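One structure is given below, encoded as structure tokens.
The values are calculated or read from the model by the stated rules, or taken from the named source; none is laboratory data. Worth saying up front: this structure is predicted, and the values here are computed from it rather than measured. Every residue, glycine among them, receives a Cβ derived from its backbone with ideal geometry; neighbour counts consider all protein chains shown. Ligands, DNA and RNA are excluded from the accessible area calculation, which covers all protein heavy atoms including side chains. Shrake-Rupley method; radii C 1.70, N 1.55, O 1.52, S 1.80 Å.
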Amino acid sequence: MPNAKIIPIRGEEPIRPRLVDDLEPDLLARLMEFWAFVQRRLAGDYCVDDLGFDPEFNDKVLMAMMRPLYKSWFRVEASGLENIPDTTGALVVANHSGVIALDAVMTQVALLDEHPAHRHLRMLGSDLVFQSPFLGEIARKAGHTLACHPDAERLLRDGEIVGVWPEGYKGIGKPFAERYKLQRFGRGGFVAAALRTRTPIVPTAIVGAEETYPMIANATVVSRLLGLPYFPITPTFPLLGPLGLIPLPSKWFIHFGEPIPTDQYPKNAADDPMLVFNLTDQVREQIQQTLYRLLMQRQSIFG
Amino acid sequence: MGDLGVGRVVLVTGVSRYLGGQLARILSEDPAIDQVIGVDIVPPKLKLPGMQFVRADIRNPVIAKVLGEAGVETVVHMGVIATPRQAGGRATMKEINVIGTMQLLAACQRTPSVKALVVKSTASVYGSGPKDPAMFTEEMQPRHAPRSGWAKDSSEVEGYVRGFARRRPDVAVTTLRFANFIGPGIDTAMTTYFSLPVIPTVLGFDARLQFIHEDDGLEFVKRAVLKSYPGTFNVAGSGVLMLSQAIRRTGHQRIALPEFLFTPFGRSISQAGLIDFTAEQVRYLTYGRVLDTALATSTFGHQPMYSTPQAFASFLARREVSVA
């Protein structure tokens, strides 16, 4: 811009008051708030909980980055939010798909933005997450922790909404041909945690995530070289390079199903493997049925 | 958990270092304690009027004579050294920590008057790594057991202490696993680290840190001496600070180095004598570690006065005073 006029900041004329007057008061307030936020962050003047959850950073930075994806790209429709309690704990159990765990992040946005009590979803992730640089750091700041009994029970006892994806890597790393077919549900550890803390289990079905990255093959040699559980080949990745990382804009539905109560069982119910297996199957079955129902209702993948 | 009675003789090891000396001072001012005997290899810098100092190496059997002759009732083991620099080399450090503890415990076992043992241990016995639970409770086993340095010495010390507790079931044994000490007076590897003008961190990781204020830590040791609380307890200020957050609070610069550069970098500056950067320390600064302190606060009926952020603030306040 060779013709741009240079406005002296410390000129003779007091330029700032006029600028401030020109701004809408609402915008000014927001700017001030943002400036205060930046200063607070730079001074380290904020609180994290014992697990390293940084609510301010999560809500104002991480979730803000994910909202456009949630609203405009995937146009997520969340239902059954009344099945998530306002103040007490619950265990959200959902199907897992889509190569990278976008479904988990979208569920987090759904509960924070659309639930009347703006609940934070505290997820249980694999140790691979916490081993990886950046990923582990962000996961902790977003409130997530390692999938292990002590952590799950601690969060549930504190009345948090805990999210588990029991299919794990088998779920997100499955080929496109097996979409919406639930994989094995781990060892049912999540059921034991719910039983011990007497919190309800909310079976949750997510439709749309399977089509974001249709995985046509798994490059096992590459995955073994990189120490990853799988290495996806999709129609666009790695063919188009970084462009292949853009998810397809499928239309999403997230349904939080009817809660399965766990407080009617005796105290040591978690030590009864048969009961744990049965409850695990019940949760799995309920999610599978809801998936079929949602798929029937869906008009088209990108609808 | 009864009182052990008035007119007691307490022996404190490691009194020539900061915490041991402070503890000896606090105990000698307490009316419930008759006599404080301080033991260390070098004489204390500060003269403590209420304390009888015995210059002895706990690595040799002289300690047994001291224990027997004075009729010591409570032994407080503060003599585990954290950094090689304090001892003059890693080999000496290990010898003082491990052989010293073995000798001390052997002497305690032979001395019938000993009724209580309080051991200052560290949270680093839990190790740190990506497979750790978010918070450690006392009965949890480490998932990444420490393999070197102070942390390994401390887990060995704890092992010998457990063995002693089995052989002398009549002795009340209290093991206190402390988070990193911090405060206006104490110098540790952590305070040196946070005093570096440019603070190195591991790229892509942000550890959760916990601190215990020196006054709070000493208060817990004192309470364990005055009244008996047998068992192992985690002691830390409530809440956590992220490493990045703590560095922002110091106002210093942060330099994030990839892990493969961090360790050689740490080693080179520790060789330069600036700071002790052990492998365990690097792991701690990468993955962090948090203690669940519910057992200690409920058993002792006492909560640390300073939370973790407050304890860190008291360390920062000292620095500002010294600059001014």
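Listed here are the residues, each with its yes/no results for (1) without any contact (Cβ under 8 Å) to a residue 12 or more places away in the chain; (2) away from every other protein chain (no Cβ under 14 Å).
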site	(1), (2)
A:53	no, no
A:65	yes, yes
A:70	no, yes
A:81	no, yes
A:95	no, yes
A:98	no, yes
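Can you confirm whether residue B:263 is hydroxyl-bearing (Ser, Thr, Tyr) and either more than 10 Å from chain A (Cβ to nearest Cβ) or over 29 Å from residue A:57 (Cβ atoms) (or both)? So residue B:263 passes the test. In region B:130-157, how many are crowded, with 19+ Cβ neighbours inside 10 Å, more than 14 Å from chain A (Cβ to nearest Cβ) and of a type in the set (Asp, Glu)? Within region B:130-157, residues that are crowded, with 19+ Cβ neighbours inside 10 Å, more than 14 Å from chain A (Cβ to nearest Cβ) and of a type in the set (Asp, Glu) number 1.
Contact annotation: residue pairs with Cβ atoms under 6 Å, 6 or more positions apart or on different chains, pairing a residue in region A:105-130 that is small (Gly, Ala, Ser) with a partner that is in a strand (DSSP E or B), are A:110/A:78; A:110/A:254.
Exactly one residue out of A:140, A:122 is in contact with an Asp or Glu (Cβ under 6 Å, 6 or more places away or on another chain) and either within 14 Å of chain B (Cβ to nearest Cβ) or modelled with pLDDT of 95 or more (or both): that is A:122. Only one entry of A:111, A:146 meets the criterion of being over 26 Å from residue A:252 (Cα atoms) and of a type outside the set (Val, Ile, Thr), and that entry is A:146. Here residue A:244 passes the criteria (1) within 30 Å of residue A:215 (Cα to Cα); (2) in a loop (DSSP other than H, G, I, E, B) except the one numbered (2). Out of all the residues in region A:164-172, is one or more in contact with a helix residue (DSSP H, G or I) (Cβ under 6 Å, 6 or more places away or on another chain), part of a helix (DSSP H, G or I) and surrounded by fewer than 19 Cβ atoms within 10 Å (Cβ to Cβ)? Among the residues of region A:164-172, not one is in contact with a helix residue (DSSP H, G or I) (Cβ under 6 Å, 6 or more places away or on another chain), part of a helix (DSSP H, G or I) and surrounded by fewer than 19 Cβ atoms within 10 Å (Cβ to Cβ), which makes the answer no.
One residue stands out among those in region A:2-44 that are within 39 Å of the chain's Cα centre (by Cα) and in a loop (DSSP other than H, G, I, E, B): the one that is modelled with the lowest pLDDT, which is A:23.
From B:162, B:177, grab the single residue that is out of contact with any helix residue (DSSP H, G or I) (no Cβ under 6 Å at 6 or more places or on another chain), modelled with pLDDT of 95 or more and open to solvent by 10 Å² or more (accessible area, probe 1.4 Å). Break it down stepwise before answering.
Numbers: B:177 fails: out of contact with any helix residue (DSSP H, G or I) (no Cβ under 6 Å at 6 or more places or on another chain).
After applying the criteria, what remains is B:162.
Here residue B:74 fits the description: among the β-branched types (Val, Ile, Thr), open to solvent by less than 10 Å² (accessible area, probe 1.4 Å), at pLDDT 95 or above and over 30 Å from residue A:150 (Cα atoms).
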